[in-house]
Each structure stands twice: as structure tokens, then as C-alpha cells.
Amino acid sequence: MSARKELRKLLARPQYLVVPGAYDTLTARLAQVAGFEAVYLTGGGYSRACGYPDVGLLTMTENVQFIARTVEAVEIPVIADMDTGYGNAVNVVRAVREYEKAEVAAFHIEDQVSPKKCGHYEGKQVISAAEMVGKIKAAVDTRRDGDMIIIARTDSRAAEGLQAAIERMNAYLEAGADLGFVEAPQSKEELAAIPKALRKPAVANIFEGGKTPALPARELEAMGFRLGIYPSQTHRAAIAAAIKVLAVLKRDGDTGAIEHELATFDDREVAVNTWRWRGIEREYLENI
């Protein structure tokens, strides 16, 4: 079964699908090793992994290279961030072609003005609903594999309010998007209102420190959300761990004091599936 068909099968179940975010290919591998059924490639995480804030500084080419490498490295479905589609509806056509060639199972595209900002930053601006409907229609018409899932995202809650955001989202779903992602609802009550109001399944975006309360998966499932992405937890963990180990190395000149907290040599090799490549060596090089 293809990864796209697998993701559609997962989303057809009645339960809520928890999908962790990965900010690089290694993190995506770790999500698979941990037993998750899909992984989310966060554009903001990849921006930060490259040393930039999430303000639209990376190009489509840079993002597609990251996405393609990661899809190649994992066996679970990959959901990717397409930001604004990198321009207008004409640019969306090119972006969909590139993401489809990268073999993502799904992607989300948003209605912010380009260049975009993190969905939980202040000062976001959105394009008109009519322009975004055109982008969604362009994405749907460009898609060659009908199993690739198109997720529409609206960032209009901040500027226009929740009801306007829901109205926009239903227009995007009517235009052909498969799932609806209303970014940055600001309370538990707003979260609960979204799945009931949308014409198709709803996506939740959950992380501590943003505008949306970080509710347990069971509560989000009870509200009616079908998919939850958790974009920054792995990156926040990595940043905190790196800060800690670097402080010890600076203080002591070695990491002996916290060596018990670090991944082992074997942990590292499992993460990158070294044994698979050793097997390839044995199969094709042993007679040389």
C-alpha cells in the first residue's frame, strides 16, 4: 500500500491521529522508531534548524530538498508544510508538482500574505478568501494522484475572528481541500467549535507556548478532531538538551557528568537504520 493510501486509511478511522513534528530527517526517523504511524514536517522547525525564524525565509527548493530526503528515509506517511504555496495560484501549481514528486502523503497550504509568519506570531496578514479559493482549486486541479491529501489552513482567526475563519475554511473545503486546519484558536471553547462547524474533518495544531491551549489527545478526539500535528515538541526537546550538554562541556571540558543522559552508540545507529546498509554491503560487496 502506498503511503498516501495508508494515510487515508488512518484518517478514515474514527479515532484521533497523533502526528509528531520533525525538524530534520533524523527526527522523522526517530518518530518512526518510536512507533508513530505518520510524521509531520514542520516548515517552522526546518527554518529554525537552518538558523532562521519562521518568517518565510526559506525557498521552495530548499524545503523540497528537506522533504524529499525525509520521505526517502522513512516508511511512514509524511505530511508536509507548504506555507503559502510560495506565491500566488500560479506558484501553487509548481509547488504541488514538486511536493507530489517528493512523494509526500499530504501537505497543508495557508492563506497568509507571502512571506508568511509563524501561525502564533503577532502581525499576521491574510489574502482574500477568493484568492485562497483560487489557490485551493489550483492545487486540486494540479494534483495527479487523488490519494495525496490537501489540507487547507486559515490564519484569519487573529485578524477576522473565529466565525470568519470558519466561513473561510468551509469555502476552502468546498473548493476541494480534504481537511480543514483553523490555525491558532484561542481557547478550549474555540477549539471545540471548529470540528462541529466544518464540512470536512478538522486538524488541530498543538504545542505549548502558542495561542492555542495544549489539550490532551482524548479531549481533542472527543471534540471531533481527526488529525493532530505536534510541530515543535521534538525541536524544543533538542534545543533544551543541546543547551544542557554544551553547558556541561564548557564547564568541565567533558560530558562525563551527564553521559548517562545521552543516547548510546547503538541508539544512534538504530535511529539511522545502519543495519539495513550493513546488509546491503554484505549482499553486494562480499565477493569483491
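Brief remarks follow.
- Residue match in segment 270-277 (condition: surrounded by 14 or more Cβ atoms within 10 Å (Cβ to Cβ) and of a type in the set (S, T, N, Q)): yes
- Restricting attention to segment 2-24, the residues that are among the β-branched types (Val, Ile, Thr), crowded, with 19+ Cβ neighbours inside 10 Å and in contact with a helix residue (DSSP H, G or I) (Cβ under 7 Å, 6 or more places away or on another chain) total 0.
- ASN287 meets each of the listed conditions (1) modelled with pLDDT under 90; (2) in a helix (DSSP H, G or I) apart from (2).
- Top-ranked residue in segment 117-131 [being assigned to a loop (DSSP other than H, G, I, E, B) and either at pLDDT 85 or above or among the hydrophobic types (A, V, I, L, M, F, W, C) (or both); ranked as nearest to ALA164 (Cα to Cα)]: SER128
- Any hit, segment 161-176, residues being assigned to a helix (DSSP H, G or I), outside the structural domain of ALA49 (by TED's automatic domain parsing) and in contact with an Asp or Glu (Cβ under 9 Å, 6 or more places away or on another chain): no
- Selection count where residues are within 25 Å of GLY45 (Cβ to Cβ) and either assigned to a helix (DSSP H, G or I) or touching a Leu at 6+ places or on another chain (Cβ under 7 Å) (or both), scope segment 249-269: 6
- MET132 being out of contact with any Gly (no Cβ under 8 Å at 6 or more places or on another chain), under 25 Å from MET1 (Cβ atoms), assigned by TED's automatic domain parsing to the domain that holds PHE181 and of a type in the set (A, V, I, L, M, F, W, C): no
- Test: ARG94 is in contact (Cβ under 8 Å) with a residue 40 or more places away in the chain and basic (Lys, Arg): no
- As a summary of the residue check, LEU227 satisfies the conditions (1) assigned to a helix (DSSP H, G or I); (2) under 30 Å from TYR46 (Cβ atoms) except for the one numbered (1).
- Residue in segment 7-17 that is closer than 18 Å to ILE151 by Cα, basic (Lys, Arg), at pLDDT 95 or above and not in a loop (DSSP other than H, G, I, E, B) present: yes
- Matching residues in segment 31-58 - criterion: being of a type outside the set (Gly, Ala, Ser), surrounded by 18 or more Cβ atoms within 10 Å (Cβ to Cβ) and closer than 16 Å to ILE79 by Cβ: GLN32, PHE36, VAL39, TYR40, LEU41, THR42, TYR46
- Residue match in segment 201-210 (condition: of a type in the set (D, E, K, R), under 27 Å from MET82 (Cβ atoms) and surrounded by fewer than 17 Cβ atoms within 10 Å (Cβ to Cβ)): yes
- Of all residues in segment 205-214, one or more are closer than 23 Å to ARG29 by Cβ and touching a Lys or Arg at 6+ places or on another chain (Cβ under 9 Å).
- Some residue of segment 212-220 being assigned by TED's automatic domain parsing to the domain that holds ALA12, in contact with an Asp or Glu (Cβ under 6 Å, 6 or more places away or on another chain) and either among the polar types (S, T, N, Q) or part of a loop (DSSP other than H, G, I, E, B) (or both): yes
- Residues of segment 210-262 classified as in contact (Cβ under 8 Å) with a residue 40 or more places away in the chain and closer than 21 Å to ASP54 by Cα, total: 12
The values are calculated or read from the model by the stated rules, or taken from the named source; none is laboratory data. As the structure is a prediction and not an experimental result, all values here were calculated from the model. Note: ideal-geometry Cβ built from the backbone for every residue, glycine included; neighbour counts use all protein chains shown.
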